[in-house]
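J.: Sharing a structure below in structure tokens format, with a few things to ask.
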Amino acid sequence: MVKKLFSLIILALLVIMLLPLMTDFAPFAELSRVAEKYVQKGPAEVGGQNLVTSVIVTYRGLDTLGEIAVLFIATAGIGFLLGKSSGKHKRSEASQLVNTGTAFLLPIILLFGVFIFLHGHLTPGGGFQGGVVIASGILLFVLANADSQISSNLLHWIEDLSGAFYVIIGLLGLILAGGFLDNSILPLGQFGKLISAGAIPLIYTLIGLKVGAELVGILNNMQRSQ
Amino acid sequence: MLLTIILGIILIVLGLWGMLSQKNIIKIIIGFSIMDTGIHLLILSIGYIKDRTAPIMNQAVQSAGQVIDPVPSALVLTAIVIGLAITALMLTYAVKLYEIKGSLEISDFKELKW
């Protein structure tokens, strides 16, 4: 009873805290000062069509590195908790529908994932989304082939190398260009083409590989521990 | 947009209520996910400007006055990834806790209670 009262009080406080957002709501008509600068100067400075990508990879690149680190730590925690596999469970074979569907869809899904992270600077998408799409393809593969073992060594190598190269590109920016993770270490190229925006496609490819490998690692751990 | 702000606040309160009142660990994690979604909606609607389009400067966008704020979108993209990682970690803890106690009821775990 007391507990319930406390929860209600906490909820009421939260509502009171959030209510000004609703009551004092004034629709924005103009961009904020920071956003104004990003929108005005972003295409010329960074060379990417997608400004969200420009913000994530270049302007706030350090935050993205931190985000990758958080993802890595969470994956490491999951691997640590589920690492010791407890006895082998025999799983039933997947149905023919799943098997045929996987054989047909898996290459398309992987290709789509690669497409998404390669076009991160041009269209909606990027490394994180592409990595998740690739991991979903691998999930389908794991569902179809119950006894398959994905080499965790290979996953670790992909993850480590892409993470290391990401930091190396950042440090190269410090030496060759204006600052850490500056994308102009490579020529900006023609605006709107696939190979443009300096190092952004390279960085997003590395992020895509890293995120894909990490999520596949989570799936792998969960499959082995069941 | 006022509608998405209201929806976001409803989802945040609903999610927190679920986390506070539910006893099952899986349901608590679901409550967290709902709250997470509400926060994303709230942040996104703060950056939204009426009658403007996504911040992708292709041929359809002539001037800077036609796009919304890219910063909240970037923040939410980050938050979604972090939310995914945290949810996966929490579910792993739930698996481990179930292996130890054979139960997912939060009231069965009294070791850290005072």
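The values are calculated or read from the model by the stated rules, or taken from the named source; none is laboratory data. Because the structure is a prediction, the values reported are computed rather than measured. Here the Cβ is made from the backbone with ideal geometry for all residues, glycine too, and neighbour counts use every protein chain on show. The accessibility values were calculated without ligands, DNA or RNA, using every heavy atom of the protein model including side chains. Shrake-Rupley method; radii C 1.70, N 1.55, O 1.52, S 1.80 Å.
J.: Tell me whether the range A:86-99 contains one or more residues that are open to solvent by 50 Å² or more (accessible area, probe 1.4 Å) and either facing chain B (nearest Cβ under 10 Å) or within 30 Å of B:Gly8 (Cα to Cα) (or both).
T.: To start, the set of residues in the range A:86-99 that are open to solvent by 50 Å² or more (accessible area, probe 1.4 Å) comprises A:86-93, A:95-99.
Then drop every residue that is not either facing chain B (nearest Cβ under 10 Å) or within 30 Å of B:Gly8 (Cα to Cα) (or both), which leaves A:86.
Yes; the residues of the range A:86-99 include at least one that is open to solvent by 50 Å² or more (accessible area, probe 1.4 Å) and either facing chain B (nearest Cβ under 10 Å) or within 30 Å of B:Gly8 (Cα to Cα) (or both).
J.: Being touching a residue at least 12 places away in the same chain (Cβ under 8 Å) and among the polar types (S, T, N, Q) is the filter; apply it to the range B:53-103 and report the residue that is surrounded by the fewest Cβ atoms within 10 Å (Cβ to Cβ).
T.: Among residues in the range B:53-103 that are touching a residue at least 12 places away in the same chain (Cβ under 8 Å) and among the polar types (S, T, N, Q), the one surrounded by the fewest Cβ atoms within 10 Å (Cβ to Cβ) is B:Thr53.
J.: State yes or no: is A:Leu215 surrounded by fewer than 21 Cβ atoms within 10 Å (Cβ to Cβ), at pLDDT 85 or above and within 14 Å of chain B (Cβ to nearest Cβ)?
T.: Criteria not met by A:Leu215.
J.: Which one of these is touching a residue at least 60 places away in the same chain (Cβ under 8 Å), open to solvent by less than 80 Å² (accessible area, probe 1.4 Å) and more than 19 Å from the chain's Cα centre (by Cα): A:Gly61, A:Gly113, A:Gly83?
T.: From the options A:Gly61, A:Gly113, A:Gly83, the qualifying one is A:Gly83.
Conditions tested, residue by residue: (1) small (Gly, Ala, Ser); (2) over 19 Å from B:Met19 (Cβ atoms).
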{"position": "B:Ser33", "(1), (2)": "yes, no"}
{"position": "B:Ile43", "(1), (2)": "no, yes"}
{"position": "B:Pro55", "(1), (2)": "no, yes"}
{"position": "B:Thr92", "(1), (2)": "no, no"}
{"position": "B:Leu97", "(1), (2)": "no, no"}
{"position": "B:Leu104", "(1), (2)": "no, no"}
{"position": "B:Phe109", "(1), (2)": "no, no"}
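J.: Report, ordered by the first and then the second residue, all pairs with beta carbons closer than 8 Å, sequence separation of six or more or different chains, a first member in the range B:1-29 that is facing another protein chain (nearest Cβ under 10 Å) and open to solvent by 30 Å² or more (accessible area, probe 1.4 Å), and a second member that is of a type in the set (Lys, Arg) and assigned to a helix (DSSP H, G or I).
T.: B:Ser21/A:Lys4
J.: Can you tell me how many residues in the range A:142-170 are more than 17 Å from A:Leu65 (Cβ to Cβ) and open to solvent by less than 50 Å² (accessible area, probe 1.4 Å)?
T.: 7
J.: Also: Take the residues in the range A:171-199 that are touching a residue at least 12 places away in the same chain (Cβ under 8 Å) and not in a loop (DSSP other than H, G, I, E, B), then tell me which one is surrounded by the most Cβ atoms within 10 Å (Cβ to Cβ).
T.: Ranking the candidates gives A:Asn183 first.
J.: Test A:Leu31 against the criterion of being modelled with pLDDT under 80, within 7 Å of another protein chain (Cβ to nearest Cβ) and touching a strand residue (DSSP E or B) at 6+ places or on another chain (Cβ under 8 Å), and give yes or no.
T.: Spelling it out, A:Leu31 is indeed modelled with pLDDT under 80, within 7 Å of another protein chain (Cβ to nearest Cβ) and touching a strand residue (DSSP E or B) at 6+ places or on another chain (Cβ under 8 Å).
J.: Right, here's the next one. Would you confirm whether or not the range B:35-46 contains a residue that is assigned to a helix (DSSP H, G or I), open to solvent by less than 30 Å² (accessible area, probe 1.4 Å) and in contact with an Asp or Glu (Cβ under 7 Å, 6 or more places away or on another chain)?
T.: The answer is no, given that none of the residues of the range B:35-46 is assigned to a helix (DSSP H, G or I), open to solvent by less than 30 Å² (accessible area, probe 1.4 Å) and in contact with an Asp or Glu (Cβ under 7 Å, 6 or more places away or on another chain).
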